[in-house]
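Asks: Here's a structure for you.
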Amino acid sequence: MPVSATNWADEVDGEDQPQTFTDANGITTIIEYRTNEDGKKVKVTRRTQKKLIHDVVNKAVAARKKWPKFGKEKGNRPGPDPATTNVGDNIKLKLSSTGDVVQDVDEKHEAMKAQLQNKKILCRICKGDHFTTKCPYKDSLGMEDAAAPAAAAEEAAPEEQQSGSKYIAPHMRAGAPAKGSDRDSMREKRDEQPTLRVTNLSEDVTEADVSELFKRFGHISRVFLARDRETNACKGFAFVSFTMREDAQRALEAIDGRGYDNLILRVEWARSSA
Amino acid sequence: MRPILLQGHERSLTQIKYNREGDLLFSVSKDHVVNAWFSHNGERLGTYEGHIGAVWTVDVNSSSTLLISGSADNTAKLWDVSNGKCLKSWEFNTAVRCVQFSEDDKLVLLVTEPRMGFPATLQIFNVENVSSEPVHNFNPEGPKITVAAWGALNRYIVAGRENGSVALIDPKTGECVSTNKVHELTLTDLQMSSDRTYFVTASKDKSAKILETESLEVLKTYTTDTPLNSAAIMPKHQEFVVVGGGQEAMDVTTTSSRQGKFECRFWHKILEEEVGRVRGHFGPINTIAIHPDGRSFASGGEDGYVRVHHFDDDFFTFKFQI
């Protein structure tokens, strides 16, 4: 039997090879497959259109274009280097004579405010002038309310168990831990820990980057990076919980005001959500 | 329009300048780096290495052969634009805040700041026969000079001071010929029109003004709601003035800072009305420069980015409706 040059195990499993094709309009499409940091396969499609622009310039300008690069650019090829030069998002410069130049980004915000102005906000727990979820007495008064129906349910449950008719879920059985106690201790533990809030992060920062940056100050118990739900890009801030408060303090002093990926980071103690 | 982002600096930008034809853009920053870029596509030509302190100011001569930069390391350096070589380094007692080539490229004016007992100086060097000694070395009295520029035909030097006043100084004698207090707070920028008969000033008192050079008379005033760090006059196509600034809002954490809300504002020069804004910077705008052909402009910010914008066609057809 002839020895085949390629081992069957090495062949790519079903997915296509990277393709490049050009259609009639001159648009080149390049399709590549990559694995991103979460281990997921990502299909990257790039469509480029090359246009040759002829520009008539001054002789001196043309001569300058031919200069070899120097300093930090020494030895680099002609053409912009993506490390230093990028094209940003499209911005419309709307010129208007009327003077209403200020863009209404806060439209949604204003609409929300207008809506709320009419209604009175009442907290269900303490009847204060705030939303229920933002109630400062959530833990104490809130639990009482939750405990009452839970107790009623528990009373019903043991009776049923004795009669042995229906299945009772573990958390509703007699002898199950009181609702919220375990969660409380876990939550409490997390809240007790010294947590820093880092803001002004750039969009492509990851949890790994943030923990890399902060782990030299001490042991980190968790990193939470706020991500946009749809695009998964970083929303610009993160929370870092250290084990030791002194580590967090040193990290705060060192990183606050430091540049990272062209943005100046700000670090503060995180305000707990009470 | 799609701005081109130039990421050559790690700290805030202090000044950007186009050369006379506009094909090169020079940017300097607090991170000791002087960068040269091709303005049409943002490609970096090179860097001029040698400063060991924040570089405050830069200027290029009209043939784009010499570049001068002034820095907080108490030196001003003269560079060969084409290859990055430092041709001359002048040492001073204090930091150099402002440099400018004269219109005929023969002289360079230089302002150093007063510090630790050393008084402020206004020095003029000859760059044709580059020597270590200045042609003139004046100690101007009065409040600190923050910005300075040559007037038409080198007849005067216009200087803006920390107290908001503008002064005309005779370059031969160093005496202050006339003064006019036009702003309430320090002047942050002073840029000449193309023929140097009038200039625009930007100030931390949230306004920019146009003054005539010879008389220092205020011709126009543009009042905004944010302290201004820079102002520039559009040389062609539209009678606009572009101003920019911004106060660092310390507790901007959620939406605004990510969206880049610091803006370059466009004002109609004659009618003193705001006509448009361009947002995008993540920090206050420190410096604005307009391409000599009026088809593009660039802004440098506290965030370390330089954004080069090439105007769309509808920019040139805009007519202000009264």
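The values are calculated or read from the model by the stated rules, or taken from the named source; none is laboratory data. Given the structure is predicted, the values throughout are model-derived calculations rather than measurements. As a convention, Cβ positions derive from the backbone with ideal geometry for all residues, glycine included, and neighbour counts pool all protein chains shown. Please note that ligands, DNA and RNA were not included when accessible areas were found on the heavy atoms of the full protein model with its side chains. Shrake-Rupley method; radii C 1.70, N 1.55, O 1.52, S 1.80 Å.
Asks: Counting only residues that are β-branched (Val, Ile, Thr) and over 14 Å from B:LEU216 (Cβ atoms), which one in the stretch B:161-192 is surrounded by the fewest Cβ atoms within 10 Å (Cβ to Cβ)?
Replies: Only one residue fits best here, namely B:THR173.
Asks: So, one more: Only one of these is in contact (Cβ under 8 Å) with a residue 40 or more places away in the chain and open to solvent by 10 Å² or more (accessible area, probe 1.4 Å): B:VAL130, B:VAL135. Name it. Talk me through it step by step, then tell me what you get.
Replies: On the way: B:VAL135 fails: in contact (Cβ under 8 Å) with a residue 40 or more places away in the chain.
Every option except B:VAL130 fails the conditions.
Asks: Could I ask something else about it? Is it the case that the stretch B:308-315 has a residue that's at pLDDT below 95, assigned to a loop (DSSP other than H, G, I, E, B) and either buried (at least 24 other Cβ atoms within 10 Å of the Cβ) or at positive phi (or both)?
Replies: no
Asks: Please indicate, with yes or no, whether at least one residue in the stretch B:94-110 is hydrophobic (A, V, I, L, M, F, W, C), without any contact (Cβ under 8 Å) to a residue 24 or more places away in the chain and out of contact with any Leu (no Cβ under 6 Å at 6 or more places or on another chain). If you could, list the steps in order and put the result at the bottom.
Replies: We begin by selecting, within the stretch B:94-110, every residue hydrophobic (A, V, I, L, M, F, W, C); these are B:95-96, B:98-99, B:101, B:107-110.
Pick out the ones that are also without any contact (Cβ under 8 Å) to a residue 24 or more places away in the chain and you get none.
No; the residues of the stretch B:94-110 include none that is hydrophobic (A, V, I, L, M, F, W, C), without any contact (Cβ under 8 Å) to a residue 24 or more places away in the chain and out of contact with any Leu (no Cβ under 6 Å at 6 or more places or on another chain).
Asks: Restricting the first residue to the stretch A:81-92 and requiring it to be within 7 Å of chain B (Cβ to nearest Cβ), which pairs with a second residue that is open to solvent by 60 Å² or more (accessible area, probe 1.4 Å) meet a Cβ separation below 7 Å and a spacing of at least six or different chains?
Replies: Here the result reads A:VAL87/B:ARG2; A:GLY88/B:ARG2; A:ASN90/B:ARG2, each pair linking the stretch A:81-92 to a residue that is open to solvent by 60 Å² or more (accessible area, probe 1.4 Å).
Asks: Of the conditions (1) modelled with pLDDT of 90 or more; (2) at the interface with chain A (Cβ under 10 Å from one of its Cβ atoms); (3) open to solvent by less than 20 Å² (accessible area, probe 1.4 Å), B:TYR305 satisfies every one except a single condition; which number is it?
Replies: Condition not satisfied by B:TYR305: (3).
Asks: I'd like the residue in the stretch B:267-282 that is open to solvent by less than 30 Å² (accessible area, probe 1.4 Å) and more than 27 Å from B:ALA36 (Cβ to Cβ) and, out of all such residues, is farthest from the other protein chains (Cβ to nearest Cβ).
Replies: In the first step, residues of the stretch B:267-282 are kept if they are open to solvent by less than 30 Å² (accessible area, probe 1.4 Å); the result is B:267-269, B:274-278, B:280-281.
From the residues that got through so far, the ones that are more than 27 Å from B:ALA36 (Cβ to Cβ) too are B:267-269, B:274-277.
Numbers: B:TRP267: 10, B:HIS268: 8, B:LYS269: 14, B:GLU274: 5, B:VAL275: 5, B:GLY276: 4, B:ARG277: 5 Å.
Taking the candidates together, the pick is B:LYS269.
Asks: From A:ALA5, A:ALA24, grab the single residue that is over 29 Å from the mean Cα position of the chain (by Cα), farther than 27 Å from A:THR206 by Cβ, at pLDDT 60 or above and in a loop (DSSP other than H, G, I, E, B). Steps first, answer last, please.
Replies: Working: A:ALA5 fails: at pLDDT 60 or above.
Every option except A:ALA24 fails the conditions.
Asks: Another one. Tell me, which strands (runs of 3 or more DSSP E) lie completely within the stretch B:1-91 with 3 or more residues that are surrounded by fewer than 20 Cβ atoms within 10 Å (Cβ to Cβ) and of a type in the set (A, V, I, L, M, F, W, C)?
Replies: Values: elements: B:4-6, B:13-18, B:24-29, B:34-38, B:44-48, B:55-60, B:66-71, B:75-80, B:86-91.
Because the criterion is at least 3 residues that are surrounded by fewer than 20 Cβ atoms within 10 Å (Cβ to Cβ) and of a type in the set (A, V, I, L, M, F, W, C), no strands (runs of 3 or more DSSP E) in the stretch B:1-91 meet it.
Asks: Now for a different question. What pairs can you find where one residue is in the stretch B:1-27 and under 20 Å from B:MET234 (Cα atoms), the other is of a type in the set (Asp, Glu) and part of a strand (DSSP E or B), and their Cβ atoms are less than 7 Å apart, with a gap of 6+ or different chains?
Replies: That search, which allows pairs on different chains as well, returns B:LYS17/B:ASP59.
Asks: Are any residues in the stretch A:232-247 open to solvent by less than 80 Å² (accessible area, probe 1.4 Å) and in a helix (DSSP H, G or I), and if so, which ones? Spell out the reasoning first.
Replies: Of the residues in the stretch A:232-247, the ones open to solvent by less than 80 Å² (accessible area, probe 1.4 Å) are A:233-234, A:236-243, A:247.
Hit for the stretch A:232-247 is A:ASP247, nothing else.
Asks: Across the stretch A:253-274, which residue is nearest to the other protein chains (Cβ to nearest Cβ) among those that are part of a helix (DSSP H, G or I) and surrounded by 13 or more Cβ atoms within 10 Å (Cβ to Cβ)? Outline the logic, then answer.
Replies: Start the filter on the stretch A:253-274 by keeping residues that are part of a helix (DSSP H, G or I), which leaves A:253-255.
In the following step, the residues that additionally are surrounded by 13 or more Cβ atoms within 10 Å (Cβ to Cβ) were identified as A:254-255.
On the way: A:ALA254: 17, A:ILE255: 15 Å.
That would be A:ILE255.
Asks: Taking the residues in the stretch B:210-268 that are modelled with pLDDT of 90 or more and among the hydroxyl-bearing types (Ser, Thr, Tyr) as candidates, determine which candidate is nearest to B:GLY283 (Cα to Cα).
Replies: B:SER230
Asks: Wholly within the stretch B:118-233, which strands (runs of 3 or more DSSP E) include no fewer than the required count, namely at least 1 residues that are among the acidic types (Asp, Glu)?
Replies: On the way: elements: B:121-126, B:136-138, B:145-150, B:157-161, B:165-169, B:176-181, B:187-192, B:198-203, B:207-212, B:218-223, B:228-233.
In the stretch B:118-233, B:187-192, B:207-212 are the strands (runs of 3 or more DSSP E) which contain 1 or more residues that are among the acidic types (Asp, Glu).
Asks: Testing B:GLU21 on (1) under 15 Å from the mean Cα position of the chain (by Cα); (2) modelled with pLDDT under 95, one condition comes back false. Which one is that?
Replies: It fails just one condition, (1).
Asks: Restricting to the stretch B:283-302, name every residue that is small (Gly, Ala, Ser), away from chain A (no Cβ under 11 Å) and buried (at least 23 other Cβ atoms within 10 Å of the Cβ). Outline the logic, then answer.
Replies: Taking the stretch B:283-302 first, the residues small (Gly, Ala, Ser) are B:283, B:289, B:294, B:296, B:298-301.
Next, only the ones that are away from chain A (no Cβ under 11 Å) stay: B:289, B:294, B:296, B:298-300.
Residues satisfying the conditions are B:ALA289, B:ALA298, B:SER299, B:GLY300.
Asks: Among the candidates A:ARG250, A:ARG229, A:ARG216, A:ARG222, which residue alone is among the basic types (Lys, Arg) and either assigned to a loop (DSSP other than H, G, I, E, B) or open to solvent by less than 40 Å² (accessible area, probe 1.4 Å) (or both)? Reasoning before the result, please.
Replies: Numbers: A:ARG250 fails: either assigned to a loop (DSSP other than H, G, I, E, B) or open to solvent by less than 40 Å² (accessible area, probe 1.4 Å) (or both); A:ARG216 fails: either assigned to a loop (DSSP other than H, G, I, E, B) or open to solvent by less than 40 Å² (accessible area, probe 1.4 Å) (or both); A:ARG222 fails: either assigned to a loop (DSSP other than H, G, I, E, B) or open to solvent by less than 40 Å² (accessible area, probe 1.4 Å) (or both).
Residue meeting the stated conditions: A:ARG229.
Asks: Considering only residues that are within 14 Å of chain B (Cβ to nearest Cβ) and surrounded by fewer than 14 Cβ atoms within 10 Å (Cβ to Cβ), which ones fall in the stretch A:204-213? If you could, list the steps in order and put the result at the bottom.
Replies: At the first step, the residues of the stretch A:204-213 found to be within 14 Å of chain B (Cβ to nearest Cβ) are A:204-205.
Answer for the stretch A:204-213, where residues must be within 14 Å of chain B (Cβ to nearest Cβ) and surrounded by fewer than 14 Cβ atoms within 10 Å (Cβ to Cβ): just A:ASP204.
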